[in-house]
Amino acid sequence: MTSVKQLTSDTMGTIYELTNESGTIVRVSPEGARLLDWVIPIEEGRDIVAGYDSIQGHIDARYYGATIGPVAGRIAGTRFTIDGKEYQTEDNDGGNTLHGGFNGLDTDTWLAETFEDQTKAGVIFTTDRRDGTGGFPGNVRYQVTYTLSNDNALSLTYDAVTDQATLFNPTNHGYFNLTGDTQKAIDTHLVQINANHVAETNEDVTTTGAKTAVAGTKFDFTKEREIGDTLLDDPFLLDHEQEWDLQVTSPDQKVRLTVTTDRPAVVIYTTGTGEVGAAMKTGPMANHGAMAIETQGVPGTEKFQQFGDITLRPETPFHSVTTYRVHF
Ligand code: G6D
C-alpha cells in the first residue's frame, strides 16, 4: 500500500507525506512545489534530501528542493526573442535572469491535489500565471506531479499549457547528500554521469553555445568515481544510451540513487561558500555539503538552437518526466 496524507506543523506549514510499503517517506510542500524530505528506511531513517529546518528558511533561501522556472538556469542578458519579438526578464544575477527571476515558480504557493492507489501515491501541484509575469509572455498553467511508487521511485512530472508562445524549461532544485548529514561533505560519494559532453560556460555561468568533450577533464564521470572536492556548476549533456542517466552512491554504499530523465541535460551544482553554514535539518551546511541534480533543457537553449528548443506553444502542451529511484 502507498498513501498520502496532509499534515500541518508550526515550522513547516502544510506538508504532504507520501509513504510506501518499504517504509520510505517523501514530504513535499506547496511552497514552491518543493521536495522537503526523502527518508530511506535504513538505520533510524536516513533523509537524503538537504533542506532547512523551517519552511521560512526555504522561502528565504528560495531554491532548496523547489520547482524552478519558468526557465531554469540563466537567461543571458535578461532578454530573449520568440518569433521575432523580444522579451525582457528580470536581472537577479549580475546582468542575467537566474531561475525565473525575483519571482520564479519557487515563490508560488501551489494548489495541491492528492491521489493514491495500491502501487503509488502523490500530489499534483498547480499554479497559474498571468501574461507578463516576470517578463515571460502567456497565461500559463504549470503542473508538477510528485509520485512515489512501491518500488522506491519518485517521479517528477512537469506539464504546462499556454495561450501564447513562451519559454518553459523547468527543473527541481533538490540537493542530495546520501549520508543523510549535510555537515559532511559529499566528496567521497561515487558518481557516474552518462554524458560524454558538457555545455561550456562563461565566468558568469551562462553557456557559450559550445560543447566540450569530457574525456580527460574534471567532467569525466562516464565511469563511476568519487566526486571529489571540485566545485561543479555545469550542464552535462546526457547521452541517453543507458537505463539511467546518472547514479550517485553513498560512501558507505548503503544507498544508491539513479536518475532517469527525458530532458537533454543535467546541471550538477555542488554547493559552495554561498550555502556554507545554512541552518539545515541536520545542522550547519558543510562546504560541498550537498549536490543539486537538476535535469533540464540545456541552459541558454533560447539563444542557441543547437541545444534544441524550449519554446512552449499553445498547440503543444509541455510534458516531461524525471524519475529518481533509490536502491538500499
Ligand atoms: C543553480 O547553476 C545554478 C547555480 O549557479 C546557482 O548558484 C544555484 O542554482 C543556486 O543550480
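The values are calculated or read from the model by the stated rules, or taken from the named source; none is laboratory data. If you're wondering where the values come from, they're calculated on a predicted model, not measured in any experiment. Neighbour counts are summed over all protein chains in view; Cβ atoms, including those assigned to glycine, are modelled from backbone coordinates with ideal geometry. Calculation scope for accessible area: heavy atoms of the full protein, side chains included, ligands and nucleic acids excluded. Shrake-Rupley method; radii C 1.70, N 1.55, O 1.52, S 1.80 Å.
Are any residues in segment 282-295 of a type outside the set (G, A, S) and either farther than 16 Å from G69 by Cβ or not in a strand (DSSP E or B) (or both), and if so, which ones?
T282, P284, M285, N287, H288, M291, I293 - these are the residues of segment 282-295 that are of a type outside the set (G, A, S) and either farther than 16 Å from G69 by Cβ or not in a strand (DSSP E or B) (or both).
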*Does segment 198-219 include one or more residues that are under 21 Å from the mean Cα position of the chain (by Cα) and more than 16 Å from the ligand (Cβ to nearest atom)?*
no
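If only one of V266, V259, V298 is more than 14 Å from the ligand (Cβ to nearest atom) and either assigned to a helix (DSSP H, G or I) or open to solvent by less than 10 Å² (accessible area, probe 1.4 Å) (or both), which one is it?
V259
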*Looking only at segment 60-77, decide whether some residue is in contact (Cβ under 8 Å) with a residue 12 or more places away in the chain, more than 16 Å from the ligand (Cβ to nearest atom) and more than 16 Å from the chain's Cα centre (by Cα).*
yes
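Residues in segment 106-118: is at least one within 15 Å of the ligand (Cβ to nearest atom), surrounded by 15 or more Cβ atoms within 10 Å (Cβ to Cβ) and under 17 Å from T295 (Cα atoms)?
Within segment 106-118 (the criterion being within 15 Å of the ligand (Cβ to nearest atom), surrounded by 15 or more Cβ atoms within 10 Å (Cβ to Cβ) and under 17 Å from T295 (Cα atoms)), the answer is yes, since at least one residue qualifies.
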*Among the residues of segment 230-281 satisfying the criterion of being over 14 Å from the mean Cα position of the chain (by Cα) and of a type in the set (G, A, S), which is farthest from I68 (Cα to Cα)?*
S250
*Out of curiosity, is G45 on the phi > 0 side of the Ramachandran plot and surrounded by 15 or more Cβ atoms within 10 Å (Cβ to Cβ)?*
no
*asked:* Being open to solvent by 10 Å² or more (accessible area, probe 1.4 Å) and modelled with pLDDT under 95: is that true of M12 here?
replied: no
_Residues that are buried (at least 21 other Cβ atoms within 10 Å of the Cβ), among the acidic types (D, E) and not in a strand (DSSP E or B), drawn from segment 224-256_ = D245
_On the basis of being open to solvent by 10 Å² or more (accessible area, probe 1.4 Å), within 16 Å of the ligand (Cβ to nearest atom) and in contact (Cβ under 8 Å) with a residue 40 or more places away in the chain, does A286 make the cut?_
no
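Just to check your reading of the model, which residue among G77, G65, G84, G95 is surrounded by 15 or more Cβ atoms within 10 Å (Cβ to Cβ), of a type in the set (G, A, S) and at pLDDT 95 or above?
The match here is G65.
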*Are any of the residues in segment 238-247 in contact (Cβ under 8 Å) with a residue 40 or more places away in the chain, among the hydrophobic types (A, V, I, L, M, F, W, C), within 16 Å of the ligand (Cβ to nearest atom) and over 20 Å from V49 (Cα atoms)?*
no
_I'd like to know if segment 139-147 contains one or more residues that are within 23 Å of A33 (Cα to Cα), among the charged types (D, E, K, R) and without any contact (Cβ under 8 Å) to a residue 24 or more places away in the chain._
yes
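Among the listed residues T322, T273, T316, T311, identify the single one that is under 26 Å from I55 (Cβ atoms), open to solvent by 30 Å² or more (accessible area, probe 1.4 Å) and of a type in the set (S, T, N, Q).
T273
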*asked:* Restricting to segment 192-209, give me the number of residues that are without any contact (Cβ under 8 Å) to a residue 60 or more places away in the chain and open to solvent by less than 40 Å² (accessible area, probe 1.4 Å).
replied: 3
*Out of segment 270-281, which residues are more than 13 Å from D187 (Cα to Cα) and part of a strand (DSSP E or B)?*
A279, M280
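Does F304 qualify as being among the aromatic types (F, W, Y), touching a residue at least 40 places away in the same chain (Cβ under 8 Å) and away from the ligand (no atom under 16 Å from the Cβ)?
yes
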*So which residues in segment 21-35 are surrounded by fewer than 24 Cβ atoms within 10 Å (Cβ to Cβ), without any contact (Cβ under 8 Å) to a residue 40 or more places away in the chain and in a strand (DSSP E or B)?*
I25, R27
